[in-house]
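Taking it in order: structure first as structure tokens, then the write-up.
A short reminder: the numbers here are calculations on the coordinates, not readings from a lab. Keep in mind the model is a prediction, meaning the values are calculated, not measured. So basically every Cβ, Gly included, is an ideal-geometry build from the backbone, and we count neighbours across all protein chains shown.
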Amino acid sequence: MSEELLQNETMADLEEHFDDANPWNMVADYLEKKTVLTVKIEGVVNGGVIAMVEGIRGFIPASQLSLSYVENLEDFLNQEIEVQVIEASQADNRMILSAKGLLKAKAKAEKAALIASVEIGSVMTGTVESLQNYGAFIDLGNGLSGLVHVSQISDKRIKTPADVLEVGQSVDVKVIGVKDGKISLSMKALIEKKEEEVVEKVVIPKAENIGTSLGDLFKNIKL
């Protein structure tokens, strides 16, 4: 190999080494691969907080810290949180981080697991949270809610859910379906079940039993 080629290869290796050593290249890789990073909140500034990634100052807007409104940014100081790089520009010396996307994904997975644990046929107590023309949404607790279609509210024909329900009312419901992350409920099924139980309790005596009872009643009577 000629000395010139050897020098060219050596320079190429050095350039590649320097590229790898550039922290912005690592940040660009994190951005592309959506890598989850654990960072420590090191400062609070106007509109957000500061965390370091590969020695580069990253900004996390308040809107990207939580799924809900952040009242006091100081609460996050010195805390470790998981984030992803959502914007990076070496030219502008700008890196934006976010925890919100990860929190959304985690909340979605937890809700899916909760819904999957709901058994069809189970009876639950919930609270009417909203009324629509097509049905009533019931708050079942633990972040879960389900829909009672207007046809499943009563065993009698009603025009709208508001005819028999009101927001805030406590109701017993039966789970009749779980599909695509949605829970279908019924109040009508519980009404029908109660009616069946009442029918079972009312036992009509057979005619032969009635005759026997009357015979027992008069057998000891002397005329």
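Return the sequence-ordered ³J(HN,Hα) values of the range 29-34 in whole Hz as given by the Karplus equation 6.51 cos²θ - 1.76 cosθ + 1.60 applied to θ = phi - 60°, using x for Gly and Pro.
5, 4, 5, 5, 8, 6
What residues have an amide H closer than 5 Å to that of Val178, excluding those fewer than 5 places away on the same chain, when H is modeled at 1.01 Å from N in the peptide plane?
It is Ser184, by chain and number.
Pop out the ³J(HN,Hα) list for the range 40-48 in order, Karplus 6.51 cos²θ - 1.76 cosθ + 1.60 with θ = phi - 60°, rounded to Hz; leave Gly and Pro as x.
Those phi angles translate into 10, 6, 9, x, 10, 10, 5, x, x Hz.
Net charge near Ser122, counting Lys/Arg +1 and Asp/Glu -1 over other residues with Cβ under 12 Å of its Cβ?
-1
Summing +1 for each Lys or Arg and -1 for each Asp or Glu, what net charge is found among the other residues whose Cβ lies under 15 Å from the Cβ of Val49?
Within the 15 Å Cβ shell, the charges total -3.
For the range 114-200, what size does the Cα cloud have along each of its three principal axes, sorted from largest down, in whole Å?
Per principal axis, max minus min of the Cα coordinates gives 36, 29, 21 Å.
How big is the Cα convex hull of the range 134-180 in projection, averaged over all directions, in nm²?
Over every viewing direction, the Cα hull of the range 134-180 projects on average to 3.8 nm².
Would you please give the residues with an amide H less than 5 Å from that of Glu87, counting only those at least 5 places away or on a separate chain, with H modeled from the backbone geometry?
So Glu87 has HN proximity to Ile96.
If I take R0 = 22 Å and measure r between the Cβ atoms of Ser151 and Leu114 in this structure, what FRET efficiency does the formula 1/(1 + (r/R0)^6) give, to the nearest 0.05?
0.25
Would you kindly derive the ³J(HN,Hα) couplings of the range 64-71 from the backbone phi angles with the Karplus curve 6.51 cos²θ - 1.76 cosθ + 1.60 (θ = phi - 60°), listing them in order in whole Hz, with x for Gly and Pro?
9, 8, 8, 7, 10, 5, 8, 6
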